[in-house]
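Colleague: One structure coming up, written as structure tokens, with questions to follow.
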Amino acid sequence: MVRRPATTDILVLGYHALSPTWPAALSLPPERFEAQLRTLADRGYRGVTFTDAVAGRARGRCVAVTFDDGYRSTQELGRPILDALGWPATIFVPTAFIGRDEPLRWPGIDEWVDTEHAHELLPLSWDELRDLRAAGWEVGSHTRTHPRLTTLGDEDLAAELADAKLACERELGSCTSIAYPYGDVDARVIAATARAGYETGGGLPTGRFVRSTLAWPRIGVYHGDDDRRFRQKISRVARGVQASPVGGAVRTVARWRGRRASVR
């Protein structure tokens with residue numbers, strides 16, 4: 001597992017769904033998504049895949065646009081914007097749900113299943129993923145069923161990682177990258193990921209001064225990230241803070257406050 005400096009000219013962004021009407025935290029209006037990418041293009045960034053970015057294959061100002069979960073909006077709304085820029089992207093999919101004609105559901109999104117926004121949760125098919133691969137996109141694993149990996153026993157953890165990798169390889173030919181659901185990863189999960197044969201992995205900022213190829217902290221972009229907040233997030237200063245123990249302490253306090261609020 002290669003360890004690299006915390007701040008570089010490589011940006012790795014983490015998105016989920018795109019929608020003009022869905023108010024979920026993980027959904028972004030497509031016009032805002034396009035404006036964010038145009039901002040980066042105007043600053044001299046070029047698009048690359050996740051693995052090229054974190055494995056050191058990309059040079060200069062590069063941005064890896066990644067999508068988690070495999071929503072259809074990635075293909076329908078995201079791809080045309082990326083195609084216009086000539087950029088590839090990377091999509092990480094929970095393999096047990098791909099190709100189903102029913103909404104994705106797990107803690108964090110299942111509150112939308114019985115609403116008028118249920119159609120936003122429909123997943124891509126394997127044929128659509130093959131089409132994205134043919135267009136230069138990277139398709140990686142998001143495990144098999146989208147669990148919190150740190151809560152699993154060793155056997156279940158190994159199965160989630162291995163089964164998802166095998167499914168992607170069976171359908172697409174190869175799979176060397178993974179995004180950890182919920183950004184939930186620790187040293188035990190990273191070791192299991194390496195044993196399963198993955199080469200690169202994406203999570204969220206952890207408060208460490210270094211990044212590694214199997215624990216790369218992506219910049220999450222969410223519904224509330226307007227132009228000002230997005231520019232703050234991608235700034236070198238902000239990324240340095242996110243990668244530092246200060247950033248880790250801030251996130252720990254925020255999680256603690258969230259847990260307290262949830263039991264009141």
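Colleague: Around residue 50, what is the net charge, scoring Lys/Arg as +1 and Asp/Glu as -1 over all other residues with Cβ under 9 Å from its Cβ?
Modeller: Here the count lands on -1.
Colleague: Now for a separate question. With θ set to phi - 60° and the Karplus curve 6.51 cos²θ - 1.76 cosθ + 1.60, what are the ³J(HN,Hα) couplings of segment 174-191 in order, to the nearest whole Hz, using x for Gly and Pro?
Modeller: Once rounded to whole Hz, the list reads 7, 6, 10, 10, 8, 10, 6, x, 6, x, 8, 8, 9, 4, 5, 5, 4, 5.
Colleague: Mind listing the phi-derived Karplus ³J(HN,Hα) values for segment 131-142, rounded to whole Hz, using 6.51, -1.76 and 1.60 with θ = phi - 60°, and x for any glycine or proline?
Modeller: 5, 5, 4, 5, 8, x, 6, 9, 10, x, 8, 10
Colleague: List the residues, sorted by chain then number, that are 5 or more residues from residue 18 or on another chain and whose placed amide H is less than 5 Å from its amide H.
Modeller: Amide H neighbours of residue 18: 28, 73, 74.
Colleague: For residue 152, what charge total do you get from the other residues with a beta carbon under 13 Å from its beta carbon, if Lys and Arg give +1 and Asp and Glu give -1?
Modeller: Result for the neighbourhood of residue 152: -4.
Colleague: Between residue 140 and residues 5 or more places away or on another chain, which pairs have amide H atoms under 5 Å apart, with H built 1.01 Å from N, and which residues are they?
Modeller: Here the answer is 91, 92, 93, since their amide H atoms fall under 5 Å of that of residue 140.
Colleague: With θ set to phi - 60° and the Karplus curve 6.51 cos²θ - 1.76 cosθ + 1.60, what are the ³J(HN,Hα) couplings of segment 22-36 in order, to the nearest whole Hz, using x for Gly and Pro?
Modeller: With the stated coefficients, segment 22-36 comes to 6, x, 4, 4, 8, 10, 10, x, x, 5, 6, 4, 4, 5, 5 Hz.
Colleague: If you find the alpha carbon centre of segment 143-189 and of segment 51-82, how far apart are they in angstrom?
Modeller: Value for the Cα centre distance between the two parts: 20 Å.
Just so you know, all these numbers are worked out from the coordinates, no wet-lab data involved. Every value quoted in this text rests on a predicted model; they were computed, and no experiment measured them. Note that we place each Cβ from the backbone using ideal geometry, even for glycine, and neighbour counts take in every protein chain shown.
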